[in-house]
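The block underneath contains the structure these notes are about, expressed in structure tokens.
Just so it is clear, none of the values below were taken in a lab; they were calculated from the coordinates. Everything quoted here is computed from the prediction, not taken from an experiment. Cβ coordinates were reconstructed from backbone atoms using ideal geometry, including for glycine residues, and neighbour counts include every protein chain displayed.
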Amino acid sequence: MPLYEFSCRRCGCRFESLVRLGEEKNVRCRSCQSEDVEKLLSSFGIGGGRSRLTTSSSSCGTCTSKSCSTCR
């Protein structure tokens, strides 16, 4: 079963859940039990992590600057 990240539209809680293919509609928020959740696209799913996605011309994600002491 794949691990997906979800966000609750009601309370804003973000959580991960193991979900069988096609059963994403059965996921409930772990905090408020709402069924109004949205499946998120995680950085791991699209490239294996931030280090692969960050380029020298983009910010690191921790700030809005394009070159600070935390950007690599």
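Tabulate in residue order the Karplus-calculated ³J(HN,Hα) for the stretch 4-21, using 6.51 cos²θ - 1.76 cosθ + 1.60 with θ = phi - 60°, rounded to whole Hz; enter x for Gly and Pro.
Taking θ as phi minus 60°, the curve returns 10, 9, 10, 10, 7, 6, 7, 10, x, 5, 10, 8, 10, 8, 7, 9, 5, 4 Hz for the stretch 4-21.
Please state, rounded to one decimal and in Å, the Kirkwood hydrodynamic radius that the stretch 3-47 gives when every pair of distinct Cα atoms enters the mean of 1/r.
10.7
Run the simple label-point estimate for SER31 and SER7 please: 7 Å along Cα→C-beta, distance reported in nm.
1.2
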